[in-house]
Amino acid sequence: MSDFNIDTVENAGDTPETELPWAELGLKQDEYDRILDILGRRPTAAELAMYSVMWSEHCSYKSSKVHLRQFGDKVTEEMKKDLMVGIGENAGVTDLGEGWAVTFKIESHNHPSYVEPYQGAATGIGGIVRDIISMGARPVAVMDPLRFGDIDHPDTQRVLPGVVAGIGGYGNSLGLPNIGGEVVFDSVYQQNPLVNALAVGVLKHGDLRLANASGVGNKVVLFGARTGGDGIGGASVLASESFDDTKPSKRPAVQVGDPFAEKVLIECCLELFHNNLVEGIQDLGAAGISCATSELASNGEGGMHVELTDVLLRDHTLTPGEILMSESQERMMAVVTPENAEAFEAVLARWGVEFSWLGEVTDTGRLIIDWDGETIVDVDPRTVAHDGPVYERPYHRPAWQDELQADTFRSAEAGQGLPASAEELGEAVLDLMTSPNMADKSWITDQFDRFVGGNTALSQPDDSGVIRVDEATGLGVGLATDCNDRYAYLDPYAGAQLALAEAYRNVATAGAVPLAVSDCLNFGSPEDPEVMWQFAEAVRGLADACMELGIPVTGGNVSLYNQTAGRAIHPTPVVGVLGKFDDVSRRTPSGFQRWADGQAIYLLGTTRDELNGSEFARQRGHLGGLPPAVDLNVEKTLGEILINASRDGMIDAAHDLSEGGLAAALAEMSLRFGVGSRTSVHELCERDELDPFTALFSESQGRVLVSLPRSEELRFTDMTTARGFPALRLGVVDAESGGIEVAGPFPDGSFGIGLDELKEAWSSVIPSKFGQVNAGVTTTTTD
Amino acid sequence: MPTIVVEVMPKPEILDPQGKAIANALPHLGFTGFSSVRQGKRFELNIDGEVTDELLESARTAAAEMLSNPVIEDVVSVTVAEGL
Amino acid sequence: MPTIVVEVMPKPEILDPQGKAIANALPHLGFTGFSSVRQGKRFELNIDGEVTDELLESARTAAAEMLSNPVIEDVVSVTVAEGL
Amino acid sequence: MTAETPLIGDHTVPETSPLAGARIGIVTFPGTLDDRDAARAVRLGGGTPVPLWHANDALHGVDAVILPGGFSYGDYLRAGAIARFAPVMNTIVAEAGAAAGSPLPVLGICNGFQILTEAHLLPGSMIKNDHLKFTCRDQVLRVENTETAWTSQFTQDELITVPMKNQDGQYVVDDATLHALEDQGRVVFRYVGASPNGSKNDIAGVANERGNVVGLMPHPEHAVEAGYGPDDATGLREGTDGLTIFTSVVSSLTGGNA
Ligand SMILES: Nc1ncnc2c1ncn2[C@@H]1O[C@H](COP(=O)(O)OP(=O)(O)O)[C@@H](O)[C@H]1O
Ligand SMILES: [Mg+2]
């Protein structure tokens, strides 16, 4: 049957002295000792494969678990009200009402995207979409928070075009609209790009599926793509099961995605759910069959018995251990009752999806895996899937944190010689909008399909992506992802809260009621106590803030070891917030509408001198001080105002203030549809006691700019006054001027920026840096 | 006009979705007897003058560094063809 | 395992955007001396047993009718390669 | 409209509309993406969408057929190259080319257009966009032929805005055929403004000689419902110019006056 000696359980019992390559597989001595203890003998090669991969940081969350518990602990009954499935399953599920539910989750594919940008990013989308399917949901949209090194760095030149093409290549082929994301350039991400992907799906309550193997005698089936040697490069020590010869093994270093196979898999699974043909289902991602069998068995009440030689292979040289660890894409595992087996096969045949029956659910409480009839794995599935090692990693506040926080923008050289005249401020606004982080991202987002499905009510470049769920009622969801890593670096606790606050604000700005949170925690090495402190602080901050805002974390992902040559990335807790619309047709766009000439522009919120970590400071090469203050009560009230204003049809545009402050928001609202404005910061400077520079560039939180018809002004200001929320009329929309005119207490009148000039400069930044993309061949054409 | 032909194929251990789709489709069109298919690329680099050793070497380097993606592809051959 | 190799190139009169992009990029990477580039496809059809005349004929038909689109592409060659 | 998120091939429609008599088949191939959108567009146009399955050669007596957009078979090999051989295509090719009677109206959108060229129902072919990237944008088109079943309700040279999204959208054709297309007025849609992809003569869509088969790269089915289409002067995503394609065919099939 095979070219290798099979290490059976029996053999393991007989040969206790055999040396196993546990260290090469990433296990620590104490972890290996624990395996010996659990089994009461040495593990077989296959068991070693399973434990090593399932107990890895990625699968077991061993460093992060003790902290992540807060997401489950810091919740009230009220917060759990709409939560149908919480943390722990493939993705959380939230009730939307009217029999509908929604599930969403963010995941990272950072390292693979660095190694092979196109395929890494593509398979990142593939993986998160399978998580959504495995809940019984139809995936309906994706988002992609991205971070790259300096825009001019060769590494960015190589990575960005491939990542973007990969996200498009895979997501577009699945028929999933891409409705938003982020693009950040910062040298801390050189050699450590962050490629996070969010997927959202919808389901009827009755379609909910969980990853558990229940019902003794039910059959276990693996379906989708064949299993190859993908993703087991590091585990090539298993290429020979006898461990003594060093037969070279050729295992692919990267996984290649097959979006066509995944699209067919989606439709096939939905038909299976629709016809009620699966009892439990689990996607195959990290740790492949090891993960799927042990999690299904561990979540169920019994055990499982499978025959591994029945797995359909793409590469016939794979050893049992490798088959167990393989991360080949586009595969699913399901539990099916014997009565449904035939109908199940018929659906798969219709979609041309390959499958093989591997075994059945038992009542033994053991996960038993055979190879050609001989037992090679005999374990308690819980010990593999759920009772992995848990570390209380030491952490402490970095010694440099105080110094960093003391180095404020105002005290630094970067904070001297600030623009003050109208002329200087006008130039500063233009400079701001042509920095890579503020520049037009459509070179990237135009590579994504935002229309497919016909349910996209809002997408990039608006503050949130909005998807209609129910055509009959307009019921739908709004989603935003955010994180300012510079804030998180200055203060990880506040930084995580600021990320949440911004995503919450974005969702509310579009008019949706925030309901749930998913997060992707990208950090450096947990073995560095300073990084671990950043992580602990960020989790604590996020959990506290969720509690205060009253929205639960429903799932997420942790990505550690994002560091190169001892230098960690900035702590980057990316936060996604999902909100609900009773009717998406009332969503508020984030730009002045073409017909909105003469509408009033109001600034909601208070502006303070908060330039530490700001985009303006970044342009001057400064990072220090404390980030803007976060006030979640303010965010809540602001959210209520925006949602009510949308419900009552008071406002026609709303855009939140974040990077670049008021200056950026004003520019962005005009750039959206090419409609100008005339505003003044006189009163703002007076009311909030600011100089004009601070009024324009401060990044104080809890602020939103809106435009509304004059007929609604009174009703609107009555509402803000009733809530004691600051609202200041800054000026009017001017559809004729073709420019942005700003007056204020400047020594030299006012400044104006022509929209054509601004648009030209703003939209040429990214295209000028990136040439053309061609699968496999990335070329940069100059000129 | 001489031409340097560069042939690139996906590495054998790497999934080739395109080849797979073709292999699946062939029998439906009555083409049986092919056990598997892989799809790669063929580049023709045209040269105005003569094929010097330097040019051939340059083509080899271009094949390895730019025309193929060494993470997932192998350069199968770099050969000279006259008057294609 | 014998393999039938099918090579397909864009017709000379048809624009080849990928070839053009490569030709433009080559000089920037220091590869000079190539006047133009065209990118085509190479298919490897693997066969379990022997390459019979029928199989080769079948491969030729597949090349002409499916692996290439005669409106924009030419089949350059259909050849047998042993043990690739 | 159905309240459910319909599964593919499950476009339940109320047959109450007076024009519901126009039954329009929508083919789903493995990898098709825009079939549900096309079904919605037919419904909003007043017709009845009928799901057709690639592996089945029956057309169930439909009055017209739409090949929707997507990536059939992943667009591996060439866009549309594998789908063209599906059993359903044999029937479509036969009925669209039928010499006797009135031939079946067929519309190919994006991948559907690519499939029609691969099947030789329409001349030319699509290659990679000249800039080599997938591009999604709102695209202005000029309707240059209002004689087809699919365009009868447009006015000659009407400018419409519909979304466009593809990677292989550059239309190529040999010179003789190009001249014939132009001379015979078979260019149905032409890009207006900067060329999005390098297509010959800015061609966005063409018809066969008899005018019953039309293909275009942009997506009229994504411009049929205010709030979900391209931007237009009235606001964000309000554009519904694409709907006229569907009302045109429904009205011509039900003998309505255009
Ligand atoms: N990688 C991306 N993919 C999709 N949409 C993106 C991406 N990057 C940015 N966007 C979109 O561009 C718009 C502007 O982004 P950003 O400035 O980060 O928004 P904000 O500051 O409001 O969070 C948003 O609609 C966002 O969703
Ligand atoms: Mg925002």
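Quick one: of A:LYS769/D:LYS133; B:LYS20/D:LYS128; B:LYS20/D:LYS200; A:LYS219/A:LYS263; A:LYS81/A:LYS219; A:LYS81/A:LYS105, which pairs are farther than 27 Å apart, Cα to Cα?
Over 27 Å Cα-Cα: B:LYS20/D:LYS200; A:LYS81/A:LYS219.
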Kindly list the residues of region D:129-158 that lie in the label zone of D:THR234, defined by a backbone N under 15 Å from the point 7 Å along the Cα-to-C-beta vector.
-> none
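Report the full-extension gain for the segment A:LEU714 to A:TRP595: residue separation times 0.36 nm, less the Cα-Cα distance, to one decimal in nm. It would help to have the intermediate numbers written out before the result.
Values: separation 119, 0.36 × 119 = 42.84 nm, distance 2.06 nm.
Length gained between A:LEU714 and A:TRP595: 40.8 nm.
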Gain on full stretching of the segment that runs from A:ALA406 to A:SER750 - 0.36 nm per residue minus C-alpha separation | 120.4 nm
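Please give the average number of partner chain Cβ atoms lying within 10 Å of the Cβ of each residue in A:254-265, rounded to a whole number. Walk me through the numbers before you get to the answer.
Numbers: counts 6, 3, 8, 2, 8, 5, 13, 7, 1, 7, 4, 0.
If you average over the peptide's residues, the count of other-chain Cβ atoms is 5.
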Given only helices, namely DSSP H runs of n ≥ 4 each adding -39500 (n - 2.57), what is the per-residue ellipticity at 222 nm of chain A, to the nearest 500 deg cm²/dmol?
-> -10500 deg cm²/dmol
Which order, highest average first, do A:208-221, A:563-576 follow once you tally other Cβ atoms within 10 Å for each residue and take the mean per peptide?
-> A:563-576, A:208-221
Work out which helices of chain A, taken as complete DSSP H runs, extend at least 18 Å along their axis over the Cα atoms and score a mean Kyte-Doolittle of 1.6 or more, then list them.
-> none
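Filter the GluC sites (Glu not before Pro) in region A:244-336 to those in DSSP coil with at most 15 other Cβ atoms within 10 Å of their Cβ, and list the result. Walk me through the numbers on the way to the answer.
Numbers: sites: A:GLU262, A:GLU267, A:GLU271, A:GLU279, A:GLU295, A:GLU301, A:GLU307, A:GLU322, A:GLU327, A:GLU330; in loops: A:GLU279, A:GLU301, A:GLU327, A:GLU330.
Here the sparse-neighbourhood loop sites are A:GLU301.
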For the pair A:GLU98 and A:ASP310, what calculated FRET efficiency results from E = 1/(1 + (r/R0)^6), where r is the Cβ-Cβ distance and R0 = 45 Å, to the nearest 0.05?
-> 0.60
What average number of partner chain Cβ atoms lie no more than 10 Å from the Cβ of the residues making up D:229-237?
-> 5
Going by how many other beta carbons lie within 10 Å of each one, how would you line up A:THR293, B:THR79, A:THR720, fewest first?
-> B:THR79, A:THR720, A:THR293
Once amide H atoms are built 1.01 Å from N in the peptide plane, which residues 5 or more positions from B:SER77, or in another chain, come under 5 Å H to H?
-> B:GLU7
Distance from the Cα centre of region C:1-53 to that of region A:304-332, in angstrom?
-> 34
Of the chymotrypsin sites (Phe, Trp or Tyr not before Pro) in region A:359-434, which ones lie in a loop per DSSP and count no more than 12 other C-beta atoms within 10 Å?
-> A:TRP400
Across peptide D:76-84, how many C-beta atoms of other chains are within 10 Å of each residue C-beta, on average?
-> 6
Along Cα→Cβ, 7 Å out, is where each label goes; now give me the distance between the ones at A:GLU689 and A:ASP431 in nm to one decimal.
-> 2.8
For the residue pair A:THR473 and A:ASP363, what label-to-label distance in nm results when each label sits 7 Å from Cα along the Cα-to-beta-carbon direction?
-> 4.3
How far apart, in nm, are two points set 7 Å out from the Cα along the Cα-to-Cβ line at A:ALA629 and at C:ASN46?
-> 6.7
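So, by mean Cβ neighbours within 10 angstrom, what's the order for A:723-732, A:104-113, A:163-172 with the highest one leading? Provide the component values of the computation, followed by the final result.
Values: A:723-732: 17.0, A:104-113: 25.1, A:163-172: 27.8.
With the highest mean Cβ count within 10 Å placed first, the list reads A:163-172, A:104-113, A:723-732.
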Pop the C-beta distance of A:HIS682 and A:GLU760 into the FRET formula with R0 = 25 Å and round what comes out to the nearest 0.05.
-> 0.25
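What FRET efficiency do you get for A:LEU36 and C:MET1 if R0 is 56 Å and r is their Cβ-Cβ distance, rounded to the nearest 0.05?
Values: r = 44 Å, r/R0 = 0.79.
Calculated transfer efficiency: 0.80.
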Once you have a ≥ b ≥ c as the square roots of the Cα gyration tensor eigenvalues for region D:23-253, tell me rounded if a/c is under 1.5, and otherwise prolate or oblate according to whether a/b is larger than b/c.
-> rounded
Just subtract the alpha-carbon distance of A:ALA286 and A:GLU77 from 0.36 nm times their residue separation and send over the number in nm, one decimal.
-> 71.9 nm
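For region A:321-456, what is the charge dipole size about the Cα centre, in debye to the nearest 20, if Lys and Arg each add +1 at the Cβ and Asp and Glu each add -1 at the Cβ?
Details: 9 positive and 27 negative charges, 78 e Å.
Result for region A:321-456 is approximately 380 debye, rounded to the nearest 20.
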Specify whether the C-alpha gyration tensor of the protein assembly as shown places it in the rounded, prolate or oblate class, a ≥ b ≥ c being the square roots of the eigenvalues: rounded for a/c under 1.5, otherwise prolate if a/b is larger than b/c and oblate if not.
-> rounded
Rounded to the nearest 10, the angle in degrees between the Cα long axis of helix C:17-28 and the longest principal axis of the Cα atoms of chain C comes to 50
In the protein assembly as shown, taking the dipole from +1 charges on Lys and Arg beta carbons and -1 charges on Asp and Glu beta carbons about the Cα centre, the listed residue (B:THR61, D:ILE66, A:SER173) farthest towards the positive end is D:ILE66
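Given charges of +1 on the Cβ of Lys and Arg and -1 on the Cβ of Asp and Glu, with all other atoms neutral, how large is the dipole of the protein assembly as shown about its Cα centre, in debye to the nearest 20?
Roughly 1800 debye for the protein assembly as shown.
Which shape class, rounded, prolate or oblate, goes with region A:557-596 when its Cα gyration tensor gives a ≥ b ≥ c as root eigenvalues, a/c under 1.5 marks rounded, and past that a/b bigger than b/c marks prolate? Present the calculation step by step, with values, prior to reporting the outcome.
Numbers: a/c = 7.81, a/b = 2.43, b/c = 3.21.
Oblate shape, in that a/c is at least 1.5 and b/c is the bigger or equal ratio.
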Which loop-located GluC sites (Glu not before Pro) does region C:5-73 contain, where loop means any DSSP state but H, G, I, E or B and the Cβ has at most 14 other Cβ atoms within 10 Å?
-> C:GLU13, C:GLU50
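A short reminder: the numbers here are calculations on the coordinates, not readings from a lab. Because the structure is predicted, anything quoted here is derived from the model rather than measured. A quick note on method: Cβ atoms are made from the backbone with ideal geometry, for glycine too, and the neighbour counts reach across all protein chains shown.
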